[in-house]
Amino acid sequence: MMKKGRFIVVEGGEGAGKSTMAAEIVDYLREKGVKDEDIVRTREPGGTPIAEDIRTILKDIRKDDILCSEAELLLMYAARAQLVKTVIMPALEAGKYVVGDRHDLSTLAYQGGGRGIPRELIGSIRNAVLGDFYPDLTILMDIPPEKGLVRAGKRGDLDRFEQEDRDFFERVRKVFLDECEKHPDRMALVRADRDFAEVRADIRAILESKCIAG
């Protein structure tokens, strides 16, 4: 019987270094002997042609129309359904490692905490789309919003989410931290406002402790 794969997700607010640390996780897996063809990287929203089109709608700033919070929520789950059904689940069933830059927890934090959409509504949509599907490990890259937004600003023009105010991101951060505290069995916290080497060392220690590979 083929061994089922593992789904590892990096979560966090803007400027936390999620993409950089997702790449570090891939490097770790390679060092442990996992072949490139057995590693799949994803990002959300996005990760498939259809989901990337949805990402563009979600990220772009439009002057002729304003995306309401409920439409934003539904688009997030439309993109996620496409990614999970066509990429993530098939990869896991084939015994591969999936390393994700964001997943479902971001919706609870951004659309729930940030936008104020009731958790019950998000939960009902989540259940319809994902059921009891959760990552094997979620690493939360925690950074104070004021520091993360400075980092994000250095990348170039800010997208529709990055232009939200600090209070929005404080609410987002609180949800992330609350969920991490509730689920220590499948989540781990990393302070992302430190030197790269320190953050990288913490990530690797978590992967070792969780016996992610090897």
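Computed from the coordinates by the stated procedures, all read-outs in this text should not be read as laboratory data. None of these values were measured; they are calculated from a predicted model. Cβ: placed from backbone, ideal geometry, glycine included. Neighbour counts: every protein chain shown.
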Diffusion constant of the range 6-209 at 10 °C, which comes from Stokes-Einstein with the Kirkwood Cα-pair radius and 1.306 mPa s, µm²/s = 92
Identify, among Ser124, Gly114, Gly5, the residue whose Cα sits farthest towards the positive end of the charge dipole of the range 1-131, taking +1 on the Cβ of Lys and Arg and -1 on the Cβ of Asp and Glu, with the dipole about the Cα centre.
-> Gly5
Compute the FRET efficiency between Tyr134 and Asp27 as 1/(1 + (r/R0)^6), taking r as their Cβ-Cβ distance and R0 = 30 Å, and round to the nearest 0.05.
-> 0.75
Just in the range 43-102: which trypsin sites (Lys or Arg not before Pro) are loop by DSSP and have at most 14 other Cβ atoms within 10 Å?
-> Arg62, Lys63
The range 8-38: trypsin sites (Lys or Arg not before Pro) falling in loop per DSSP and having at most 15 other Cβ within 10 Å = Lys32, Lys35
When the helix-only estimate is applied to the chain (DSSP H runs of n ≥ 4, each -39,500 (n - 2.57), divided by the residue count), what is the mean residue ellipticity at 222 nm, nearest 500 deg cm²/dmol?
-> -14500 deg cm²/dmol
Within the chain, how many lysine pairs that are 8 or more places apart, or on different chains, have C-alpha atoms less than 18 Å apart?
-> 22
Using 0.36 nm per residue of separation minus the Cα-Cα distance, give me the extension gain between Arg160 and Lys182 in nm, one decimal.
-> 5.0 nm
Normalised by the number of residues in the range 7-115, what is the relative contact order in percent for Cα pairs under 8 Å and 6+ residues apart?
-> 45
Roughly speaking, what is the centre-to-centre gap between the range 144-199 and the range 1-52 when only Cα atoms are used, to the nearest Å?
-> 18
